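Worksheet: one structure, shown below.
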Amino acid sequence: MLKILYTHAEMFAARAAMQGTIGFVPTMGFLHQGHLSLVRKALDENDHAIVSIFVNPTQFGPAEDLSKYPRDLERDLAMISELGNVLVWIPDAKEMYPDNFQTWVEVESLTKPLEGEMRPGHFRGVTTVVAKLFNAVQPSKAYFGQKDFQQAAVIGQMARDLSYPTKIVVCPTMREADGLAMSSRNSYLNPQERAAAPVLWQALQAAVEAYAKGERDARVLVSDIENRINHEPLAKIQYVRCSDALTLADVEGDLRGPAVISLAVFFGATRLIDNISLG
Ligand code: PAF
């Protein structure tokens, strides 16, 4: 059964009446199996599960089309209701950003490379909205997908720095049968682009195999991924980077500790991201 709330006042009152642990899944809606796997885990591991649905305007850049972000609230609610008793909070933009809003949450060095470099201001929007959501929901655990690994790292840092008593749980990327990472943005792909997009996973998997066979030169792993993706005419690479898994600093020589190779690639106007962990 679903309970649907809209305002902060409703959320605060509902939260005050709840006892036990709370598992929280913040989303921007247009849910897919990846989101649902997070909600299932929140239900399994906690006394209550709360899902928020809010397309957060402040994490979109001026050139990114917020108004075209896919939305289907009715379908989202139907999908969540099949999972069990979930409280769904659906604030609107006025509720989250009232007139004269002027307070922001910003994580420093972890937000500089990768997505932060390509999407200036993106993480400031993410951390500000997630902090506001955490303040109202007061979750015991909050669930995020590994596909947005930098987002999960940034939110983990924010939670530690601001002393949120919330455990950040990072869950594996859910994939389509052909390996494409599930994403609300996959719905933008035309049939040709959709058929081409699994090249990202194939290229990342080839790097995992090379790593397993002993390849430790980050430049070799990255350039092999770039070559494979460049063979696909519909794919336009924005970046492929190998980063230290903890600091997210670029690794350009030998891999000595845990690392992540991440990428952002355009198929037409659609920008897809994916990543793999090494070591
Ligand atoms: O990953 C997302 O869907 C969003 O960035 C989040 C965490 C819900 C914040 O708007």
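Mean separation of Cα pairs under 8 Å and 6+ residues apart, divided by the residue count of the chain: what relative contact order is that in percent? Don't jump to the answer; show the numbers that get you there.
On the way: 485 pairs, mean separation 46.7, N = 279.
Taking the mean separation of contacting Cα pairs over the length of the chain, I get 17 percent.
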(message) If you count only protein heavy atoms and use a 1.4 Å probe, how large is the accessible surface of residue 99, to the nearest 10 Å²?
(response) 120 Å²
(request) Apply the Debye scattering formula to the range 1-64, with a single equal point scatterer on each alpha-carbon and no solvent, then give log10 I(q)/I(0) at q = 0.13 Å⁻¹. (result) -0.43
(message) Let's test this: bin the Cα-Cα distances of the range 84-153 at 10 Å from zero up to the farthest pair and state each bin's percent.
(response) 16, 45, 33, 6
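Taking only C-alpha pairs under 8 Å that are 6+ residues apart, what is the relative contact order of the range 80-196 in percent?
Values: 90 pairs, mean separation 22.6, N = 117.
It comes to 19 percent, rounded to a whole number.
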(request) Any chance you could check the Cα centroid distance between the range 104-177 and the range 20-47 for me, in angstrom? (result) 15 Å
(request) Please sort by residue number the chymotrypsin sites (Phe, Trp or Tyr not before Pro) in the range 85-139 whose DSSP state is loop and whose Cβ has at most 16 other Cβ atoms within 10 Å. (result) 101, 104
(message) Just to be sure I understand the curve: with the Debye formula and one point per C-alpha of the range 24-149, what is log10 I(q)/I(0) at q = 0.21 Å⁻¹?
(response) -1.39
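Using a 1.4 Å probe on the protein heavy atoms, what percent of the accessible area of the chain belongs to carbon and sulfur? Mind dumping the intermediate values first?
Details: 6880 of 13230 Å².
That fraction is 52 percent.
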(request) Using DSSP to define loop residues, name the GluC sites (Glu not before Pro) in the range 176-279 whose beta-carbon has at most 11 other beta-carbon atoms within 10 Å. (result) 252
(message) Only four residue types carry charge here, +1 at the Cβ of Lys and Arg and -1 at the Cβ of Asp and Glu. Report the dipole size of the chain about the Cα centre in Debye, rounded to the nearest 20.
(response) 260 debye
(request) Take every Cα pair under 8 Å in the range 203-279 that's 6+ residues apart, average their separations, divide by the length, and report that relative contact order as a whole percent. (result) 29 percent
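Treating only the Cβ of Lys, Arg, Asp and Glu as charged (+1, +1, -1, -1), what charge dipole size does the range 1-154 show about its Cα centre? Round to the nearest 20 debye.
That gives the range 1-154 a dipole magnitude of about 140 debye.
For the chain, which longest stretch is free of loop sites, where a loop site is one of the trypsin sites (Lys or Arg not before Pro) that DSSP puts outside H, G, I, E and B and that has at most 16 other Cβ atoms within 10 Å?
On the way: sites that count: 71, 213, 216, 256.
That would be 72-212.
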(request) With a 1.4 Å probe and all protein chains in place, put 108, 232 in order of accessible area, largest first. (result) 108, 232
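To the nearest 20 debye, what charge dipole does the range 201-248 have about its Cα centre, counting +1 at the Cβ of each Lys and Arg and -1 at the Cβ of each Asp and Glu?
Its charge dipole is roughly 60 debye.
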(request) On the full set of protein chains, 1.4 Å probe, figure out the accessible area of residue 35 and give it in Å² to the nearest 10. (result) 30 Å²
(request) Take the cross-link list 68/112; 41/94; 3/167; 68/167; 41/141 and give me the ones stretching past 21 Å between alpha-carbons. (result) 68/112; 41/94; 3/167; 68/167
(request) Let me have the 222 nm mean residue ellipticity of the chain computed from DSSP H runs of 4+ only, each contributing -39500 (n - 2.57), with the sum over all residues rounded to the nearest 500. (result) -11000 deg cm²/dmol
(request) Write down Rg/Rh for the chain, rounded to two decimals, with Rg from the C-alpha atoms and Rh from the Kirkwood relation over Cα pairs. (result) 0.97
(request) Towards the positive end of the charge dipole of the chain, with charges on Cβ (+1 Lys, Arg; -1 Asp, Glu), say which of 34, 111, 251 has the farthest Cα. (result) 34
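If you take the square roots of the eigenvalues of the alpha-carbon gyration tensor of the range 160-207 and sort them as a ≥ b ≥ c, do you get rounded (a/c under 1.5), prolate (a/b over b/c) or oblate?
On the way: a/c = 3.50, a/b = 2.16, b/c = 1.62.
Because a/c hits 1.5 or more and a/b exceeds b/c, the range 160-207 counts as prolate.
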(request) If a/c stays under 1.5 just call it rounded; otherwise compare a/b with b/c (prolate if a/b is bigger, oblate if not). Do that for the range 123-255, with a ≥ b ≥ c from the square roots of the Cα gyration tensor eigenvalues. (result) oblate
(message) Just the number please: accessible area per residue for the chain, 1.4 Å probe, all protein chains included, in Å².
(response) 47 Å²
(request) Work out how far the C-alpha atoms of the range 187-279 reach from end to end along every principal axis, then list the three figures in whole Å, largest first. (result) 40, 25, 16
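The values are calculated or read from the model by the stated rules, or taken from the named source; none is laboratory data. Treat the numbers as computed from the prediction; the structure is a model and nothing was measured. Here Cβ is always computed from backbone atoms with ideal geometry, including for glycine, and neighbour counts include all displayed protein chains. Calculation scope for accessible area: heavy atoms of the full protein, side chains included, ligands and nucleic acids excluded. Shrake-Rupley method; radii C 1.70, N 1.55, O 1.52, S 1.80 Å.
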